[in-house]
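Okay, so here's the structure we're looking at.
The values are calculated or read from the model by the stated rules, or taken from the named source; none is laboratory data. Quick caveat, the model's predicted, so the values are computed rather than measured. When we count neighbours, we look across all protein chains shown, and the Cβ atoms used for this are built from the backbone with ideal geometry, even at glycine. When the accessible area is computed, the model is the full protein with side chains, heavy atoms only, and any ligands, DNA or RNA have been set aside. Shrake-Rupley method; radii C 1.70, N 1.55, O 1.52, S 1.80 Å.
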Amino acid sequence: ETVESSSRAGGGTSISERKLESTTPRTGGLGEEFDGNDDEFSRFDLHAAVSSAKKQQPLPLPPRQNTTPSPYQKCKQKMSPSNPYKAQHSTIASGLTKPPHYPIHDGKLKSPIIHSANASTQEEQRKLNEMRKEVEDLKLEKKRIHKEVVKVKQQNNESEIENERLKKEFKSSKQEKEKLDGKTRALREEYDKVKNDLREAKQQKEKLDADARIAHEKKEQIEKESQIIREGNVCMEKLKAQTRALREEHEKVKSDLRIAEQQRHKSEKNARIAREEKERYEKDAEAAEESLDLRRAEIDSLTKQNPAKRKPAEKSKPKNPSEPSKKKRKARKQAKSDTIVKSMKVGNLKEEAAVQGIDVQEVLRMTKTELLNLMPAGSTCITKTDAWGEVLCIRENFESERREAEKKSGTIINSMTVGDLKEEAIARGVEVKELARMTKAELLNSMVVGSTCITNTDVWGDVLRIRENIASKRREVEKQENKRLHELQLKQEKEERERQEKLKDLREKERAEEKTSHVAKHTYHFPAVHSCKLAKTADLLFHGEPRCYNSHCSECRLGFRNALYTCEKCDFDICEGCFKEKTMTPAEKEAEAKREAARKREMLEEAATRRRLQEEREEERRKQWDPKSHFKPKIIDPPDKNIDLDANKTKGFTVWCSDGYGYDGFHSYEGAPGKEFDATYRTKEEANERARYLFHWKNPWGHRPDMIMEEEVDKSMKDGLVTYCVSPPDSTTWTVAVVPASAYSYMENATQRRHGCDIDR
């Protein structure tokens, strides 16, 4: 009955609710189901709400007016504990004429109106009114409690919001603390850096002081050198005075040269006289030869008149009567060697003409024929006489004497070498940059021939000795300076090593302190990963910086994986992947191995598929660009008669090619590249096909035909003959063309050799 009544009231209750119903006095009497259709009230847990409200704040209870049992309680005592309607029904059955009526208004059950059969009894009517009033009070109490519960829920939500806010503030304060710790570390590092900078500045100051001392010593050395230079200037003044004296002496030498010139004219006059005497001697020799010929003729006439005397003469004659005697041959040879002959060279003829007194300007414009007409063959050649040899010896002696005189006089002469002239120019103060661009003629023009040569004077020798002394002293000073700098460098290196050792000790000490402070953070123990306790790498520092930035996994050694856990005692780091692998159970490892095997198998299958597709594409490309499917065999492999250049010079059409850099302003350019012979064909069509095959399939770079076609190929036709040309970026220019065979040998840069581009690589 209890379960049945509770199901009517709320559709089923829990054990705690039934206990509450048994312990809590039921209110309402006959009207206890006054609000059975209110879902919110049926789901409301009054006991839980009251207990939570007590925890938050105590609810004010209405004051009890009296402690006497109410009519409702008295009526309840008469009801059955299992079914409160049982006693009521019995009572109603005895005194009521009809069952109680429960009016419904707006979907809610109102307070029951009880009609008593015996209305005259005022006491019962009063009790019923009191019971009705108590029901109304309970409804008001329920509404008040509902409001309190809503208020408690709102307070609970506010407390949860406040809790979330406090959590966020705590998290932000933690992050702020980490930032402050980072700033503190940065300030500490900056302090150390400033400290090191101060130490280095101190060392730099010491070094600057040492450099200042060195500069002071150098200044003193420069002052000494300036003193030496002043002395050198004094010597230069003396040198100038001697130069003036030498200039006067030069004037004297000039006069001597004029005298020598007069002597030369005199010697030339003597040479002319000797030449005239030689001509006279030659005439006398000719007259003697004529007399000898007459004498020989007389002897011949006498031998004809006396044949007896002729026989011994004939015996004495040589076997060949036409051959002249030795004496005659010698005379003729001598005469021939001293005369002008047609076989003489143009240079010898011009020299002879100049010796004979002909104007040199006219001689230079004359040809060999004009020279032979001017000087007939057989005339005396002055340049082959002994007198002319004596003249040349006199000239050479005179020239050597003049050079010696000029050299002794200390003047500029034409026979000086370029090196001597440049040395003289440097001595005179000419800039070296200008001398590098000057020729010998420009040097002689700038330093007038015949002027005093400073480098041949004694004062210049003194200047050179002073310079040598200065240079030797400078070398000695540089040697000492280098020695001092070397010692200073060794000292600085020693100090730097000591400083590095101190820094190393300091870093090791700081690192030891870091390790000591990190001992408390090693709280994680994973025996399957490492025997020692581990700490999170993100919580550790390494020389003041986060360790995760400076550590690598000790298992996989992959630099791109940051460590997850660390053991500083063993210097052990492990990344997340290796940690997961180490902490797997056998079943997980087996499953992971199966997944890895499946992944590898899938990768191998994909690789095989890609390889197969690549091979298929290569095979298709090879078939597509196979020359055998595009050309005839004689186009691919020309016969021997087609590649013989000598046999195909007039008929057919020749294919030629060239490969070389153009004038691009970067590569070395020595003109257009040479044109090399390829083959000759009878028809234009075959020659054009061979040119296309050679250009696309046998290019010098070994590229495929489709790669050549991707470039900007310049193709042109002229008289039905094709020309291909391509110039890839930063590469040579490859040209293949067809011309008539008869025109190939007349082309510019055409060669007789055959190229090797079609040789299989």
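Some observations on this one:
- Lys/Arg +1, Asp/Glu -1 at C-beta; segment 568-694 dipole; positive extreme among ALA608, PHE653, PRO673: PHE653
- Segment ASP211-LYS594, extension gain: residue separation times 0.36 nm, minus the distance between their alpha carbons: 130.5 nm
- Where CYS570, CYS235 fall by accessible area, highest first, once all protein chains stay in place (1.4 Å): CYS570, CYS235
- Every Cα-Cα pair in segment 708-761 was counted, and those over 17 Å apart are 53% of them.
- The charge dipole of segment 617-679, taken about its Cα centre with unit charges on the Cβ of Lys, Arg, Asp and Glu (plus for the first two, minus for the last two), comes to roughly 440 debye.
- When each of LYS269/LYS384; LYS483/LYS509; LYS698/LYS718; LYS533/LYS580; LYS218/LYS491 is checked by Cα-Cα distance, pairs over 27 Å: LYS483/LYS509
- Taken along the Cα-to-beta-carbon direction at a fixed 7 Å, the label points for ARG258 and HIS146 span 15.2 nm.
- Accessible area of GLU711 in the full protein assembly, 1.4 Å probe (Å², nearest 10): 70 Å²
- Between ARG475 and ASN270, residue separation times 0.36 nm minus the direct Cα-Cα distance comes to 67.6 nm.
- Kirkwood-type radius of segment 378-480, with distances r between different C-alpha atoms, in Å: 17.0 Å
- Peptides 148-155, 184-191, 735-742 ordered by average Cβ neighbours within 10 Å, highest first: 735-742, 148-155, 184-191
- Here's how it looks for LEU541: its modeled amide H is under 5 Å from those of ARG547, which are all 5 or more places away or on a different chain.
- Heavy-atom accessible surface of HIS552, to the nearest 10 Å², is about 100 Å², with a 1.4 Å probe and all protein chains retained.
- Taking all protein chains together, PHE666, PHE572, PHE170, PHE526 sort by accessible area into PHE666, PHE170, PHE526, PHE572, largest first [probe 1.4 Å].
- Candidate aspartates and glutamates - alpha carbon under 19 Å from LYS536, same-chain residues fewer than 8 apart omitted: GLU178, ASP181, GLU513, GLU514, GLU545, GLU555, GLU568, ASP571, ASP573, GLU576, GLU581
- In the complete set of protein chains, residue-level accessible area for ASP284 is approximately 80 Å², probe 1.4 angstrom.
- Stretchable slack from THR369 to GLU282, in nm (0.36 nm times residue separation minus alpha-carbon distance): 28.8 nm
- In sequence order, segment 200-208 has phi-based couplings of 5, 5, 5, 5, 5, 4, 4, 5, 5 Hz under the Karplus curve 6.51 cos²θ - 1.76 cosθ + 1.60, θ = phi - 60°, and Gly or Pro positions carry x.
- Segment 461-529 - charge dipole about Cα centre, Lys and Arg +1 at Cβ, Asp and Glu -1, debye rounded to 20: 160 debye
- Segment 606-711: relative contact order as a whole-number percent, Cα under 8 Å and 6+ apart: 25 percent
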